[in-house]
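Visitor: I have a structure I would like to understand better, so I am pasting it below and will then ask my questions one at a time.
The values are calculated or read from the model by the stated rules, or taken from the named source; none is laboratory data. This is a predicted model, so every value here is computed, not measured. Cβ: placed from backbone, ideal geometry, glycine included. Neighbour counts: every protein chain shown.
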Amino acid sequence: MVYVDGFLLVVPNKQLPAYKALAKKAGKVWMEHGALEYRECLGDDLTTPCGPPFDKLTGAKRGDHVVFSWIVYRSKAHRDRVNRKVMADPRFAKMLTGKMPFDMARMSHGGFRSMVDL
């Protein structure tokens, strides 16, 4: 079964074009180094009757977008190999210089073992 890195973050509306450009570049690097899938998704229907909605969990305010994203790998070991290559890639290092188009303090990230894979 696959292994997934998941991300939940908040992007201010005025920073959305810069974030999208950054995500496209980052996704290209991850895919070139072996990731199976790379997705960046904007919150669209965040009202839910079960549990707190993502915008409340993240502290998103008016004018903010909730972004849910994930990267898929063959296994945790594959993820570790791909991420080592990504972190050593000068294109990725260049992306980390300067101000990020989102608040890193409001980003959450984790690695997940697949439990059900249909």
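Visitor: Please go through the stretch 52-77 and pick out each residue that is touching a Ser or Thr at 6+ places or on another chain (Cβ under 8 Å) and in a loop (DSSP other than H, G, I, E, B).
Guide: Listed by number, the list holds a single entry, 53.
Visitor: Next question, about the same structure. Select from the stretch 86-108 the residues that are loosely packed, with under 15 Cβ neighbours inside 10 Å and either in contact with a Ser or Thr (Cβ under 9 Å, 6 or more places away or on another chain) or modelled with pLDDT of 95 or more (or both) and list them in ascending order.
Guide: Once the filter is applied, which keeps residues that are loosely packed, with under 15 Cβ neighbours inside 10 Å and either in contact with a Ser or Thr (Cβ under 9 Å, 6 or more places away or on another chain) or modelled with pLDDT of 95 or more (or both), the stretch 86-108 yields 87, 88, 90, 91, 108.
Visitor: Right, something else. Take the stretch 22-50 and flag every residue that is among the hydrophobic types (A, V, I, L, M, F, W, C), surrounded by 15 or more Cβ atoms within 10 Å (Cβ to Cβ) and under 15 Å from residue 107 (Cβ atoms).
Guide: Scanning the stretch 22-50 gives 22, 23, 26.
Visitor: Right, next: Taking into account only those residues within the stretch 78-118 that are of a type in the set (S, T, N, Q) and not in a helix (DSSP H, G or I), which is farthest from residue 14 (Cα to Cα)?
Guide: Filtering the stretch 78-118 for residues that are of a type in the set (S, T, N, Q) and not in a helix (DSSP H, G or I), the one farthest from residue 14 (Cα to Cα) comes out as 114.
Visitor: Just name the residue that is farthest from residue 105 (Cα to Cα) out of those in the stretch 9-21 that are crowded, with 18+ Cβ neighbours inside 10 Å and of a type in the set (A, V, I, L, M, F, W, C).
Guide: 11
Each row is one residue, and each column tells you yes or no for (1) of a type in the set (A, V, I, L, M); (2) in contact (Cβ under 8 Å) with a residue 12 or more places away in the chain.
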{"position": "8", "(1), (2)": "yes, yes"}
{"position": "13", "(1), (2)": "no, yes"}
{"position": "17", "(1), (2)": "no, no"}
{"position": "25", "(1), (2)": "no, yes"}
{"position": "70", "(1), (2)": "no, yes"}
{"position": "74", "(1), (2)": "no, yes"}
{"position": "88", "(1), (2)": "yes, no"}
{"position": "94", "(1), (2)": "no, no"}
{"position": "103", "(1), (2)": "no, yes"}
